[in-house]
Amino acid sequence: MIEFSNYDILRNLMFATQWTILLSLAAFIGGTTVALTLTAMRLTRNPVMQRIVKIYVELFQGTPLLMQMFLCFFGLSMLGYEISAWSAAILSLTFFTSAFLVEIWRGCIDTLPKGQWEASRCLGLSFLQTLRFIILPQAIRVATAPTVGFSVQVIKGTALASVIGFVELTKVGTMLNNATFEPFKIFTLVALIYFVLCYPLSLYSKHLEKKFNVSR
Amino acid sequence: MLYFSDLLQYSDVFLSGLKTTVELTVLTTILGVVLGTVCATVRQYGNRASQRVVSVYVELIRNTPFIVQLFFIFFGLPAIGMMLSPWEASMIALTINLGAYSTEIIRAGLASISKGQIEAAKVLGLNFRQTLTRVIFIPAFEKIYPALTSQCIIVMLGSAVISQISVQDLTYAANLVQSRNFRAFESYLVTALMYLGLSILLRFAFNALGKRLFAYRTSN
């Protein structure tokens, strides 16, 4: 049997942290891209499009992320689509992230007075011009703090990828636990690493929120 | 091809899983909100040291994944002499998790009650208990009720993870069924829809409860 020194444990956990960060980044990028598309669909004021976005949000906010991962990983491969744990994790985290971001951004855009849309149209700006020069600059300022805050949820969400066998921080934690039988030490370390990843983002989000409230 | 009929013979497995999930959700929602209320009160009105303790608890829980908290409680605590059954560990983990989030939410509600309002209650001759319930808690809860209830639903969905320490909840049932008949897609799809139904049902229940709790608004 191989002996694991504290150094070995830390080294393995650090290695795994890279995958957690990479998965978080991929999910966040995927999530924002899809959420942007969905937000655009919602803003077109086409009832069919709005309905689709509403169902999408309801579906992915109303079911557990773990179940979405199982469906993407085990479900799709049973249907004959070969999918790796990495792709399944990114796919389901993208659904999850985008469903929440769409709702967060909806709130941000809705806080802007409706009169601004109407005034812009009266001034002869097109829909895209209104969006580009009037709505987005204000909405982005409001949306930054909650979006950064939500990125913490994405990082925490990646922990579930361990369940479908993707080797990231939590998975390496359970593997090390099986090898060393020191669950208290290992899961404390794993939790601490997540905390070190997430807490700065939480603080930054709070800081942004304060800054925005002052300037208003 | 999809074969949903293969799931029918396992309907009692799904139902007993659903029962466990609902039971745990109801129990932890109540315990978590109580814990959150106590912590929020301490955080808002307590002395500096106790405020600090509550902040550390809230930040530690909010910035680590639920699955790691669960593993820590289930695998980690026995190592220092606290043996817990899977069910107990899940209940504690879910309560602590909801407690932290609801502390943050309820505190925002308490912060929205202005000092003048509490002083006015004193001047009007309301006693401590009346002030606490009618002037502070009910209006504070009314303000944060939507945020609090959606957090309860998020925790219910998060409870799917407890299947990983072999609590026989709805997700556990889905895993069991798909390992028997190899209908993974159908099994997980049906389970996901059951969770969806549960979250919609919970939202209706919370709305109905809210109408009753805050009925004084419409009655006068």
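The values are calculated or read from the model by the stated rules, or taken from the named source; none is laboratory data. Keep in mind it's a predicted model, so treat the numbers as computed, not measured. Glycine gets a Cβ as well: all are built from the backbone with ideal geometry, and neighbour counts include every protein chain shown.
Among B:8, B:2, which is surrounded by fewer than 20 Cβ atoms within 10 Å (Cβ to Cβ), farther than 30 Å from residue A:182 by Cα, at the interface with chain A (Cβ under 10 Å from one of its Cβ atoms) and modelled with pLDDT under 95?
B:2 is the lone residue from the list that is surrounded by fewer than 20 Cβ atoms within 10 Å (Cβ to Cβ), farther than 30 Å from residue A:182 by Cα, at the interface with chain A (Cβ under 10 Å from one of its Cβ atoms) and modelled with pLDDT under 95.
Considering only segment B:29-50, I want to know if a residue exists there that is part of a helix (DSSP H, G or I) and either under 24 Å from residue A:193 (Cα atoms) or within 14 Å of chain A (Cβ to nearest Cβ) (or both).
no
Name the residues in segment A:174-194 that are crowded, with 22+ Cβ neighbours inside 10 Å and within 7 Å of chain B (Cβ to nearest Cβ), would you?
Result: A:183, A:187, A:190, A:191, A:194.
Among helices (runs of 4 or more DSSP H) lying entirely in segment A:27-115, which contain 3 or more residues that are among the polar types (S, T, N, Q) and within 28 Å of residue A:164 (Cα to Cα)?
A:85-111
So which helices (runs of 4 or more DSSP H) are wholly in segment B:153-220 and hold at least 1 residues that are within 8 Å of another protein chain (Cβ to nearest Cβ) and closer than 24 Å to residue A:162 by Cβ?
B:170-181, B:184-213
Only residues that are at the interface with chain B (Cβ under 9 Å from one of its Cβ atoms) and in contact (Cβ under 8 Å) with a residue 60 or more places away in the chain: list them for segment A:195-213, please.
A:197
With among the aromatic types (Phe, Trp, Tyr), under 24 Å from residue B:89 (Cα atoms) and surrounded by 14 or more Cβ atoms within 10 Å (Cβ to Cβ) as the only criterion, which of B:188, B:172 stands out?
B:172
If the requirement is being within 24 Å of residue A:209 (Cβ to Cβ), surrounded by 18 or more Cβ atoms within 10 Å (Cβ to Cβ), within 12 Å of another protein chain (Cβ to nearest Cβ) and among the hydrophobic types (A, V, I, L, M, F, W, C), which of these qualifies: A:74, A:100, A:60, A:95?
Exactly one residue qualifies, and that residue is A:100.
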